[in-house]
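Notes to accompany the following structure.
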Amino acid sequence: MKLSVIIVNYNVTELLRNCLISVEKYLSHIHCEIIVADNHSSDQSWKSLIAEFPSVKFFALDGNLGFAKANNFAVKKASGEYILLLNPDTEIESNDFKELLDFAGSKDNFGCLGVRMHDAKGNFLPESKRAVPDMFNSFEKLFTAFKKNNSKSYYRNDIGEFEISEVEVITGAFFLCRKEVYEKVGGLDESYFMYGEDVDLCYTFLQNGFKNYYYGKISILHHKGESTIKDKIYLDRFYGAMQIFIDKYYKIQKPVQYSFLKAGLKLRHKIEQIKLK
């Protein structure tokens, strides 16, 4: 088995259906399996997909375990040399996937790979390629709207959206890596319920001597935000995830940056909470 495509579903049956259609259409030439782990959706309509996609392996989890735990569960069921963590609100758009696997296989110390993402209107999604959060790029991300072209910002504007390049962080919406390497570094950190675990895993790869890549020649559609309700729970999980990251990596090693980032996250979280009222 060359590839295991892993999709964690939670209450997005129609998006999941479109995702599965695209995977089966464009990855038919690759020896792969598709694994769907349902994270205890309250909407049980996803079960109708079992008959519609008989080749897909569906698993119903006993509770909403969160993104990291659900993916780690599914990876244990996977048989592929490579695994692709894929969001259910994405759609594959080309049959060039073998190109990605050949690229990954050609690289020493390959960690992970992400591709160019765009939304339903065709707009490029800058989170396709990112830097590890630090004091400066985090300030830019949290408190400024400007984007400096050709600058190494949080969204790595120094790398063109159609380029191929080493990069620190890619997104968990499309996350290709070797199963052996994923398991070697411990997989996604289950301290994160949702958000931040992709940044953490990318950083873990880097710390273990692996290299991460952005492959801008191939694009996917990401229905950004359509599967997420932006409410207080979302804000708490998002900013809580960022707090977990800086507690883990900066509190002891980089105390000055830690103090700055902690204060910045707290302030930005408060601002976003006020906007909800």
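The values are calculated or read from the model by the stated rules, or taken from the named source; none is laboratory data. Here the structure is a predicted model, which is why all the values come from computation and not from measurement. Cβ placement follows ideal geometry from the backbone for every residue including glycine, while neighbour counts extend to all protein chains displayed.
Let me confirm something: among LYS230, LYS251, which residue is modelled with pLDDT under 80, part of a loop (DSSP other than H, G, I, E, B) and more than 16 Å from the chain's Cα centre (by Cα)?
Numbers: LYS251 fails: modelled with pLDDT under 80.
The conditions single out LYS230.
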A careful count of residues in the stretch 195-221 that are in contact (Cβ under 8 Å) with a residue 24 or more places away in the chain and either surrounded by fewer than 18 Cβ atoms within 10 Å (Cβ to Cβ) or part of a helix (DSSP H, G or I) (or both) gives 13
Assess whether GLY196 counts as being outside the structural domain of ILE21 (by TED's automatic domain parsing), of a type in the set (Gly, Ala, Ser) and modelled with pLDDT under 95. no
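Yes/no per residue for (1) basic (Lys, Arg); (2) touching a helix residue (DSSP H, G or I) at 6+ places or on another chain (Cβ under 9 Å); (3) over 15 Å from LEU16 (Cα atoms); (4) modelled with pLDDT of 95 or more:
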position: ALA51; (1), (2), (3), (4): no, no, no, yes
position: PRO54; (1), (2), (3), (4): no, no, no, yes
position: LEU65; (1), (2), (3), (4): no, yes, yes, no
position: SER79; (1), (2), (3), (4): no, yes, yes, yes
position: LEU85; (1), (2), (3), (4): no, yes, no, yes
position: ASP89; (1), (2), (3), (4): no, yes, no, yes
position: ASN95; (1), (2), (3), (4): no, yes, yes, no
position: SER106; (1), (2), (3), (4): no, no, yes, yes
Give me the pairs: first residue in the stretch 1-17 and closer than 13 Å to VAL36 by Cα and assigned by TED's automatic domain parsing to the domain that holds ASN87, second residue among the aromatic types (Phe, Trp, Tyr) and surrounded by 22 or more Cβ atoms within 10 Å (Cβ to Cβ), beta-carbon distance under 7 Å, and six or more apart or on different chains, which are they? VAL8/PHE67
